[in-house]
Amino acid sequence: MTPAWPERAAWGTAQSLRAWQSAALEKYFSASPRDFLAVATPGAGKTTFALTVAAELLGRRVIDRITIIAPTEHLKTQWAEAAARAGIPIDPNYSAGQGKTSQDYVGIALTYAGVAVNPLAHRIRTERFKTLVILDEVHHAGDALSWGDGVREAFEPAHRRLALTGTPFRSDTNPIPFVTYVPAPELGPGAMVSVADYTYGYGQALADHVVRPVLFMAYSGEMQWRTRAGDEISARLGEPLTKDQNAQALRTALDPQGSWMPSVLQAADRRLSEVRRHVPDAGGLVIANDQDSARAYAKLLKAISGEAPTVVLSDEKAASKKISTFTDSEDRWMVAVRMVSEGVDVPRLAVGVYATMISTPLFFAQAVGRFVRARRRGETASVFLPSAPNLLVHASEMEVERDHVLGRKVTDEDDMFAAEEDLMNQANAAESASGDEALGPWEALGSQATFDRVLYDGGEFGHEGEVSVGSEEEMDFLGIPGLLEPDQVRDLLRTRQSERAAKTKKPKPAEGDSIAQVSTHEQLAILRRELNGLVAAWFHRTGQPHGVTHAALRKETGGPAAAVATADVLHKRIDTLREWAVRKSS
């Protein structure tokens, strides 16, 4: 490799390339393509890969200028700082209006929105030089038609284009510029699916110890609210409800005036304290729904932890500086409104609270990606979330790799590939309390939190019956050490679940009793545990990741993810997996 990289990089930036980065580089330079799409899980090191490519192309004089496109202003600066450590000076303050930049720079950094304002000016600059264009989180080029058109117009004449993404592509029908699509008749007439040149998924990264294992701490509880018609509704978060009722129940849970959020924040702070026993600088992040909620959560956290958290609002000029200051400190908590949901690198984040109404698979994966970046072997991540059906589905399918599908016929409103719930950019538009008005008049009357379960590696772990916040049963899971290998995490979860079950073992049911005679909640829990046990056995037998097996079973039997499936569907999946085992044995 050219001496510019990685020898000039600061310690910890890229002194040695990871195996996937080396493999992707080998594939890139063996083919020397004009367009290359790398899909790598958040935290895997896409920036290092891209800058290594850039440094080598500069050294070989294949290119003489670099243009980096990022989703946000903060990420422009972050890219410029990373490039500077690699010996590549990038101007993050360039604008089309100024036309020129200092000769000290070999490249510029822009946002997708900035490109769309004046694509012709950027096209002229691109034509003047042999330019490498790095499109970070390229799925954002589909956020708006003007963004995609602007990117296509500005960078069509580029000498090389390197597209990066770390999350599932959006599910609308806006084609992403410079991404290759091929026919996918199995997905429906006329369907097209994106093709990546190199893919490195979460499952692979976890096996390579490149990312942290994620424990999803799901919390349920009773919610009460009043509708526009004056009706008072009471429902349990996570129980079968209509789409509107699920939204209102989640909205009630996230209300800072209720009891649910204070209880979950207190649990998350206890978990952070446990993690900091082994990782002293570990930090936590609350991703809030709007600015008013963010400020209210900050007040709650100050009362709980005794330390005022950093509050980051994306319309503040000092937002980037606040994030940088928090990154370099040992402060406990940061509260943000989407500002830290994608791309922002705060490696010490180890505990998260998902407290937003946005439930698209794209945003969820981006948010979880803030916690998975591994610094040393054995670190774990913990994400607290409501037991909302969509979120439980996303958490249980972390390992499933997905591409961007164009023209796919949607037949199920709960389909993972359904349109991004009126498009993610519309959901993201609400940064103030007024954004909730889209859900209609509503008044939260009260909420209580209970510990539901832990989702990990496609499996579920918990205790029978209702587990109250602050109980010993809850601490069985909150007290898990902050430094464990993935296999140790799984073994410890099973041990704590089985030990508690042995202590509270109930009398054996009389002859004739059956699973159907217990409550629906217990029945579903028993079936899910049986299915997860079989999936774990299948993993040890075949090496197939848990999430991939769950996805295959879902495709075979139909229905939603196991976390929200009916008893009949769970029975079908159990029987199907047993049939697979018999066929493999024979």
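The values are calculated or read from the model by the stated rules, or taken from the named source; none is laboratory data. Not measured: the values here are computed from a predicted model. Glycine also receives a Cβ, built like all others from the backbone with ideal geometry; neighbour counts cover every protein chain displayed. Side chains included, ligands, DNA and RNA excluded: accessible areas come from the protein's heavy atoms. Shrake-Rupley method; radii C 1.70, N 1.55, O 1.52, S 1.80 Å.
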Quiz item: Looking at Arg161, is it open to solvent by 30 Å² or more (accessible area, probe 1.4 Å), in contact (Cβ under 8 Å) with a residue 60 or more places away in the chain and basic (Lys, Arg)?
Solution: no
Quiz item: Does Arg295 satisfy being open to solvent by 10 Å² or more (accessible area, probe 1.4 Å) and farther than 24 Å from Asn246 by Cβ?
Solution: yes
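For (1) more than 22 Å from Phe363 (Cβ to Cβ); (2) among the charged types (D, E, K, R); (3) buried (at least 23 other Cβ atoms within 10 Å of the Cβ), each residue gets a yes or a no:
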site	(1), (2), (3)
Pro177	no, no, no
Val182	yes, no, no
Gln204	yes, no, no
Leu215	no, no, yes
Glu222	yes, yes, no
Arg251	no, yes, no
Ala268	no, no, yes
Arg277	yes, yes, no
Quiz item: Can you name the residue in region 24-50 that is among the hydrophobic types (A, V, I, L, M, F, W, C), over 25 Å from Leu362 (Cα atoms) and at pLDDT 95 or above and is also most open to solvent (accessible area, probe 1.4 Å) among such residues?
Solution: Phe29
Quiz prompt | Criterion (at pLDDT 85 or above, touching a Pro at 6+ places or on another chain (Cβ under 6 Å) and not basic (Lys, Arg)) met by exactly one of Val489, Val569 | solution = Val489
Self-check item: Flag if Ala355 is touching a helix residue (DSSP H, G or I) at 6+ places or on another chain (Cβ under 6 Å) and at pLDDT 95 or above
Solution: no
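Quick check on Ala116: is it small (Gly, Ala, Ser) and assigned to a helix (DSSP H, G or I)?
Answer is yes for this residue.
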Quiz item: Of (1) aliphatic (A, V, I, L, M); (2) without any contact (Cβ under 8 Å) to a residue 12 or more places away in the chain; (3) buried (at least 16 other Cβ atoms within 10 Å of the Cβ), Ala229 satisfies all except one. Which?
Solution: (3)
Self-check item: Selection count where residues are under 19 Å from Leu391 (Cα atoms) and open to solvent by 50 Å² or more (accessible area, probe 1.4 Å), scope region 556-581
Solution: 1
Self-check item: Test: Ser382 is more than 13 Å from the chain's Cα centre (by Cα) and either buried (at least 22 other Cβ atoms within 10 Å of the Cβ) or among the aromatic types (Phe, Trp, Tyr) (or both)
Solution: no
Exercise. Enumerate the pairs (first residue in region 479-501 and touching a residue at least 60 places away in the same chain (Cβ under 8 Å) and within 23 Å of Arg348 (Cα to Cα); second residue anywhere and assigned to a loop (DSSP other than H, G, I, E, B) and among the aliphatic types (A, V, I, L, M)) with beta-carbon separation below 8 Å, excluding pairs fewer than 6 apart on the same chain, so at least 6 apart or on different chains.
Key: Gly482/Val279; Gly482/Ala282; Leu483/Val279; Val489/Ile480
Quiz item: Could you say which residue among Arg500, Arg496 is under 24 Å from Ala268 (Cβ atoms), at pLDDT below 85 and either among the charged types (D, E, K, R) or assigned to a helix (DSSP H, G or I) (or both)?
Solution: Arg500
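Can you tell me which residue is modelled with the highest pLDDT among those in region 313-338 that are open to solvent by less than 30 Å² (accessible area, probe 1.4 Å) and closer than 23 Å to Ile68 by Cα?
Going residue by residue through region 313-338, those that are open to solvent by less than 30 Å² (accessible area, probe 1.4 Å) are 313, 319, 323, 326, 329, 333-337.
Still in the running and closer than 23 Å to Ile68 by Cα: 319, 323.
Values: Ala319: 80, Ile323: 88.
Only one residue fits best here, namely Ile323.
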Practice problem: Exactly one condition in (1) modelled with pLDDT of 90 or more; (2) over 24 Å from Glu473 (Cβ atoms); (3) open to solvent by less than 30 Å² (accessible area, probe 1.4 Å) is not met by Tyr198; state its number. | Solution: (3)
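Residues are listed down the side, and each one gets a yes or a no for (1) open to solvent by 10 Å² or more (accessible area, probe 1.4 Å); (2) part of a strand (DSSP E or B):
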| position | (1), (2) |
| --- | --- |
| Ile88 | no, no |
| Asn93 | yes, no |
| Ala96 | yes, no |
| Lys100 | yes, no |
| Ile108 | no, yes |
| Arg125 | yes, no |
Quiz item: Does at least one position in region 64-85 carry a residue that is at pLDDT 90 or above, more than 30 Å from the chain's Cα centre (by Cα) and surrounded by fewer than 19 Cβ atoms within 10 Å (Cβ to Cβ)?
Solution: yes
Exercise. Please tell me if Leu272 is open to solvent by less than 40 Å² (accessible area, probe 1.4 Å), of a type outside the set (Val, Ile, Thr) and in a strand (DSSP E or B).
Key: no
Practice problem: State yes or no: is Pro262 at pLDDT 95 or above, open to solvent by less than 60 Å² (accessible area, probe 1.4 Å) and out of contact with any Cys (no Cβ under 8 Å at 6 or more places or on another chain)? | Solution: yes
Quiz prompt | Check on Gly470, among the small types (Gly, Ala, Ser), touching a residue at least 60 places away in the same chain (Cβ under 8 Å) and on the phi < 0 side of the Ramachandran plot | solution = no
Quiz item: Could you say whether any residue in region 219-235 is closer than 30 Å to His546 by Cβ, in a strand (DSSP E or B) and not hydrophobic (A, V, I, L, M, F, W, C)?
Solution: yes
Self-check item: All positions within region 560-569 that are within 23 Å of the chain's Cα centre (by Cα) and part of a helix (DSSP H, G or I)
Solution: Ala562, Ala563, Val564
Self-check item: Residues of region 474-493 classified as part of a helix (DSSP H, G or I), closer than 17 Å to Asp269 by Cα and either in contact with a strand residue (DSSP E or B) (Cβ under 6 Å, 6 or more places away or on another chain) or open to solvent by 20 Å² or more (accessible area, probe 1.4 Å) (or both), total
Solution: 4
Quiz item: Which of the residues belonging to region 528-559 are part of a loop (DSSP other than H, G, I, E, B) and either at pLDDT 80 or above or under 21 Å from Glu186 (Cβ atoms) (or both)?
Solution: Gln544, Gly558, Gly559
